[in-house]
Structure formats: structure tokens, C-alpha cells
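Here, each number is a calculation from the coordinates, and none is a lab measurement. These numbers come from a predicted model, not from an experiment. All Cβ positions, glycine included, derive from the backbone under ideal geometry; neighbour counts span all protein chains shown.
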Amino acid sequence: MHWTRGRRSFRIIPRGESRGVGQADSCSLISACLLILASTVFLRGAPGEKHLSVYSVAANYSLPLVEREGQDYVGLLELLEPLGTVSARMDGTRWRLRYNNVEGIFQTGTNRAQVVGRGADLGGAFLMENNRGLVPLGSLASLLPRFLGGPATLHGDSDRLFIGSVATHFTASLASDNPPRLVLHFTAPVNPSVATEPGAVRLTFAHEPVVSPASATLTFGSKNIPSANYSERNGAAVLVVNSAIPLMATFSADARTITIAPTFTVAQTLPPPATPSLPTPAPPAQPGTTPAPAPARAAPAPAARRYFAVVDASHGGDDHGETLSSTLLEKDVTVALARSLRRELESRGISTLVLRDSDANLPVDQRAVLANADRAAIYIALHASSSGHGVRVYSALLPYGRDDRGPFLSWTTAQRGSLPVSQNAASAVAGELQKRQIPVRALAAPLRPLNNVIGPAIAVEVGPQGSDVAQLTAPDYQQLVTGAVASGVAAVRDQLGGAQ
Amino acid sequence: MIPRHLHIAMGVLLGAALGLSLYAWHVRKTVARAPAAAVDTTPLAPPVSGPTERVILFIAHDEDGTLRPESAQIPLPSDRQQRAEELLRTLVAYYLQKNSTHTLGAGAEVRSVFLVDPGGAVIDLNSAFADTHRSGVLVEVLTVASLIHTIAANVPGISRVKILVDGKQRDTLAGHADLSSYYDVSGVNQLVTELQPQ
């Protein structure tokens, strides 16, 4: 094909428009000045910024707190807005707030308010600022039950407000494995941020109504994990697990259980370069069993493999993936495919863990950590696409560089040692799909977290056979594809076991 | 008693103030009503003159998910960096055409290309490129492979390529293709082989 550069365009500004540009410049100048002023004020106030975390059945949210007259204040209208129908109006010096059918009357500068005709002590003056009615934080414990008709519990020291019975409780127990694991079980799904520090793992629950156990300090009588401390501050609950050794946290698929275990259970499993000549796989361990693996090094025995296959429904939560149609999102199709693949694998005797079985946010790093921690014989990420015909099976396209340091593998190229086995697995899966007359291609792809997984890892992108995206949701088609994938995995089961 | 001329002066001043206020109000309304300048989605590039050269562009084809070499005759500067920029802008201009085999979103543009020794190239795309890109593993892989292989095949000495968006690192192109690390050109070459028509 011969062709030359296409259009080049130059825009000439007409004379009339240049005046508009000048005016725009003046506006821009004034806006810039205002912006600088605003940012100066904002930045000056930033370091002391405090938030109130509100937990309710309707929504969990946070609101800024402002300090006035030596105490924290919060906007009452903003606080009630997510919970129901709310309106407010000024009536002379009185501020009338209506929440559903309940009316409250507040007067600027006074400590008293009327809610449903009854007086209430605010513990500080009611303030009006920029049409916002501000009440002292401490007054919420008495004001809110009157507006809401139900209990509201304020943790004043930590700026946390619980509306109704929404608290998430947890238990902590030390599993008597070797090495020991701390198992935290929560009454509702949680998604804390995890920070590893020297001698501790810190779990910060900024968005969940996690509350204190019976005692703020939990002791476990273990040398490796002696204790944990619970605290609350600035709208968040923090659990610090103290330890004498490096720890790592892993999450259960339903996000209700967090297991904290020594990192060497993972680090010591870093495989040597894959040796496909080892045809003696360990039989896949069933969940709950703990076969004794032969230690490869003079170190504590690595944790047993719990699942042979880890199936990952890609995307989830805020990450929708591709919008396949006006009513169909990739994240929903991948969950359905993952469930179908689990059935197919388990029907072939392959124990399977589905990483995401609900509409939850799960960062790619976390997915790789979970797959690595589980020492799965194969990690299978599932994607769906409206483009292309049939199925694509991917193995990792590794990024540039090899930054391994001694026994420590680079996170970005952790897959390198298992790549040949991954490619074999991808070929086997592609072969099974072909047998079933499904158009298929095996390719490399720069697709995370394939490159972060230590063991064999593939991704399967399922597209419709024709142009009808609705086929992706058809159980028959899903079963046809996942059945082929499961057969492909089963065909190389021995090789995968050897790579582990 | 206020002198008459002061009355007149005051009246004139008030009139002038009123007139200016009306004028300011009118100007403000005019500016507010003025339609926003139409977004020019055509990539702007410095005009290149001089002799043309035959180059090989690796063009993505969505209908069968392949990457095919196609020759083009374009004017190329002698400077390596400018050559790389011009190549990729030509490639993107092709994808922006209506009958393109692999369409990119309106406004997609290569902002610049930097060559970094030893063997590094950094492609800086604009945000419209990534924000309007279709999501999907294969479709994103085709774009990335097309950009990288075109530059590596025509500008010798490039062994790794990093893709930025608006000068900043971005996790993925459109939810799938990883942009967080340098691409290994030898690995991409292997991928391009796999993407050839069967």
C-alpha cells in the first residue's frame, strides 16, 4: 500500500475572536488569582484537616470537620443528606431543617435547638457559615436519634459515627500450624489498606465500621506473632499485628477472613527454573489438608498448596473492564465464566479457588499476592471482549530488564521461571478449544498480573464467535469454553505439578 | 445650594457608570454565550519538508486481530528523535482515518518521542489517545505492538520502549495493556510474529 501523510490543519484565529481571547485572558488572570488565593487558604488549612466517618445501612461516607470555638463542628444538612430527604431554609435568624417528616429549628449563636418541638442542648453555639448550618460534633449523639428515630453511636475521640446496628465485629485466633498463622474473621466483608512495617503489619479500615474487640490489646502467646493492638483515630480503625518475623496478609474470596502469615511461606517457594523433567507431581491437596512438603532449603517448611488452580475473574468493583453492551459489563461476564470454570475444573478433580466471586475491588497486585501465597499450580485470569472472534489464550509478555537480587525475584518479572510451562499450558488450552471448533489464538500479552505470578499463569479472553455479544452470557457457550479450558489444564496437570 | 455644574457633572458620571456597567454586562453575556471553540481533533505536527523515504509501518487489523507491515512514503527528518516522532504521528494519522483498520478515538495524538541512551525510547501519548481507546486485551495489545514495532523497525538501536500518557505513567492503556514498565523490544518482536496473518 502506498499512501502519504494525510491532513494537516492550521487554525487561523479571526480578528473578532482575538478580542474574545483577550477577554478570556483577563478572565483567566482573575481566575488564576482567585485560584492562588483559594489554594493558599486550602493548603494552609490542609495539615489539620479532620474527617468524620459515617457508617450507616444506606451508605458509608466521610465529611470534613471544622474547628470553631475550640471544638469540632460538622454540617448537619450534609450529614443527613445521604440518609433521606432533607431540606433547609433560613427564617430570619432561625435555620429550619427538615429531614423526612422531622423538623429541627436552630438559632445562630445559641446552644439550644428544637427538634420535634423538644429542646436539645448542643453543647456549643449553632453556627451558620456560607449557608451551612454547623453543629458541634458532640451534639450528634443526642440530635441524630431524634431526627432518625434510631440509635446513633459517636466515637468522639476517633471521629467515627455509627448509625444503627452497622458495626463490623471481628475475632482473632492463632492457627496452630507451623509456622503459625493469625486468622482474623469479620462479620462483614472488609477491604483494609495493608502496610508492612518492621515488626508489624498494619491494617487500616478507613471505610468499614470495624469496632474494637473486647480488649484493645490481643495476646496470642506465640513468639512469632505475640500480640495485636486495636485503635481508632481520625475516622479509621487500625489493627497493628506485632511480630518478630516479616508477615504478609492474604484475603479470603469473600473478604471476610484475613490470614496473616510469615512471608517465608511465600518467599521460600520461589521456584527454581522450571524443570519439566520432574514428572512426579504432588497430588493436589484438598482444602484443609496439610501434607508435609519436602523442604527445599534449610528453612521452615513452606505452606502446603491448598488449591491446584486459582481462577481470577478480572476487573470488579469500580473497574468495569470493557463495556460490552449498554447492559453488559466485562466484570460481570468474568464472574460468570469463573464460576463455570470452577465447576468444570472440579468435575475433573482439580481443586479450584475463585479469587473474585462478587462485585469487589481487587487490585492486580493483590491478585498476584493471593495466587503466589496459595502456591497454585496454575493461575487463570478470565477476560471477556466484544471484539475479535472466539477465544484468545495469553501467556505473559515480560517487561524489559531482569532485576532479580539473589534469591529475591523482581516483582515485574516474577513469572520468568515459569514462562515455558505457562506457554505450554496456553497451547494445551488453545488445542482443546480448537478441538471444539472454537476459533482460538495463543499469544503473549503485556497483561498484569501474569508477569507477577511466580507459578504458571495464563489469561483467557472470551469473545463471541460471531458479532453477537449476548453469546457471552449464554450458559451453553460459557460451558463450552470453560470445559475446553478445564480439559486443557487437566491435560498438562502433570507438567504443572512438576513446575510447582 | 449645590451649584448647577456639579449636578450636571454628577449626572454625567452616573450616566457613564451606568453605561459602563451595561457594557460590561453585555460583554460578559456575549462571552458566556459564545460557543466553545470547536475541538480540533486533527493531530498537529510540525511540517516536515525535504526528500521522502520509504518506511514500513506495522498496521493493526481489528477484523482478524493481526499486525501487517505496510510501506509508506513520507518525508522524514535526519534527526533520530524527530524521525521517531514523525513515524508514529504518521501511524496515528492513519488510524484516525475513517476507513482505518484499527480506529483510534478522536483527538488521539503522539505528543513526543524521546530517545534515551542506551537503547531506550519513551513515547508520550496525549490523554485523548488513552481515554478514548477501546478496552480489551487484544485491541490494546495491537495498538501497543503497532507503535513499538513501527518505531523499533525504522529507528535502529532501540531495545526498550516506555509509553507515557500526558507525560505521566499510567497503569494500563484502557484497562488491560500494561504501561507501567518498559517494553522489551525483543519480546514485542516475538509477539508481532504471533500477530502475523496465518
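So for the pair B:F114, A:K223, with labels modelled 7 Å out along Cα→Cβ, what separation do we get in nm?
Between B:F114 and A:K223, the label points sit 5.2 nm apart.
Please list 3J(HN,Hα) in residue order for region A:102-118, calculated via the Karplus relation 6.51 cos²θ - 1.76 cosθ + 1.60 where θ = phi - 60°; whole Hz, with x for glycine and proline.
Using θ = phi - 60°, the values come out as 9, 10, x, 10, 10, 10, 4, x, 10, 8, 10, 9, 10, 10, 6, x, 10 Hz.
Given H placed on each backbone N at 1.01 Å, which residues far from B:R111 in sequence or on other chains put an amide H within less than 5 Å of it?
Residues meeting the criterion, in which the H sits 1.01 Å from N, are B:D124, B:L125, B:N126.
Please give the length that would be gained between A:R94 and A:R233 if that part of the chain were fully extended, namely 0.36 nm times their separation in residues minus their C-alpha to C-alpha distance (nm, one decimal).
The span from A:R94 to A:R233 would gain 46.6 nm if fully extended.
List the lysines whose alpha-carbon lies under 29 Å from that of A:K331, not counting same-chain residues fewer than 8 positions away?
Within the straight-line cut-off, A:K331 pairs with A:K435, B:K162, B:K168.
Translational diffusion coefficient of chain B at 4 °C, 1.567 mPa s, Stokes-Einstein with Kirkwood Rh over Cα pairs, in µm²/s as a whole number. Write out the running numbers ahead of the final one.
Values: Rh = 19.6 Å.
The Stokes-Einstein estimate is 66 µm²/s.
Along Cα→Cβ, 7 Å out, is where each label goes; now give me the distance between the ones at B:Q81 and A:N361 in nm to one decimal.
According to this spin-label approximation, the distance is 3.9 nm.
For chain B, list the DSSP H helices whose alpha carbon atoms reach 27 Å or more along the long axis and whose average Kyte-Doolittle value is 0.0 or above?
Working: long enough: B:4-33 (43 Å, 0.63).
Qualifying helices: B:4-33.
If r is the Cβ-Cβ distance from A:E69 to A:A474 and R0 is 51 Å, what FRET efficiency results, to the nearest 0.05? The partial results should precede the final answer.
Details: r = 65 Å, r/R0 = 1.27.
Efficiency computed from Cβ-Cβ geometry: 0.20.
Along the Cα→Cβ direction, 7 angstrom out, place labels at B:A16 and A:A216. What is the inter-label distance in nm?
7.1
By the scheme Lys and Arg +1, Asp and Glu -1, what is the net charge of all other residues having a beta-carbon under 15 Å from that of A:A141? Mind showing how you got there, number by number?
Numbers: positive: A:R146, A:R160; negative: A:D72, A:D121, A:D157, A:D159.
Local net charge: -2.
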